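Reviewing the structure listed below.
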Amino acid sequence: MNIRSNRVARQPRLMIIPMIDIIFFLMVFFLFSTLQMVYQKSMPVNLPVASQNQQEVPKPIAITITTDGTISIGDTVVEIEEVQSRVEQLADKSETPVILRADENVEHGKVIAVMDEVKKAGVTKLAIATEEKK
């Protein structure tokens, strides 16, 4: 007994249209949810007026070490022993930045010695100047 079916066998298909609908729905959902995260409600407040709008930024102290080991602070040539006292005179606060400009051919021991003297002077912000690679 052979029973024949009148049904046509269909191959399973991937329904792409409903997937596109779901993707667009998710995109819209995340778009609106991120817009809500940016907006922050706050209470209205009358802020006080400051007598000085900008905070004073201390002028940095530039220390230069040349190839021959000469140390200069600003335009004044100093010895290694004078660095601490000279930096203490020029720095108003410990937040005054010091920029160390050393030639690439200077011995690193000389640079470390100058950094130690700057640290003894109480300076907490020390930057080493470099050039960008070309």
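Things to note:
- Among residues of segment 87-114, those that are acidic (Asp, Glu) and exposed (fewer than 11 other Cβ atoms within 10 Å of the Cβ), counted: 2
- Residue check for Ile99: more than 15 Å from Ala127 (Cα to Cα) and of a type in the set (Val, Ile, Thr): no
- Restricting Glu95, Glu79, Glu88 to residues that are of a type outside the set (Val, Ile, Thr) and in contact with a Gly (Cβ under 8 Å, 6 or more places away or on another chain) narrows the list to Glu88.
- Whenever a residue of segment 115-134 is of a type outside the set (Gly, Ala, Ser) and surrounded by 13 or more Cβ atoms within 10 Å (Cβ to Cβ), its partners that are in a loop (DSSP other than H, G, I, E, B) and modelled with pLDDT of 85 or more, lying with C-beta atoms within less than 6 angstrom and at least six residues away or across chains, give the pairs Lys125/Pro97.
The values are calculated or read from the model by the stated rules, or taken from the named source; none is laboratory data. All values reported here derive from a predicted model rather than from experimental measurement. Backbone-built Cβ (ideal geometry, glycine too); neighbour counts: all protein chains shown.
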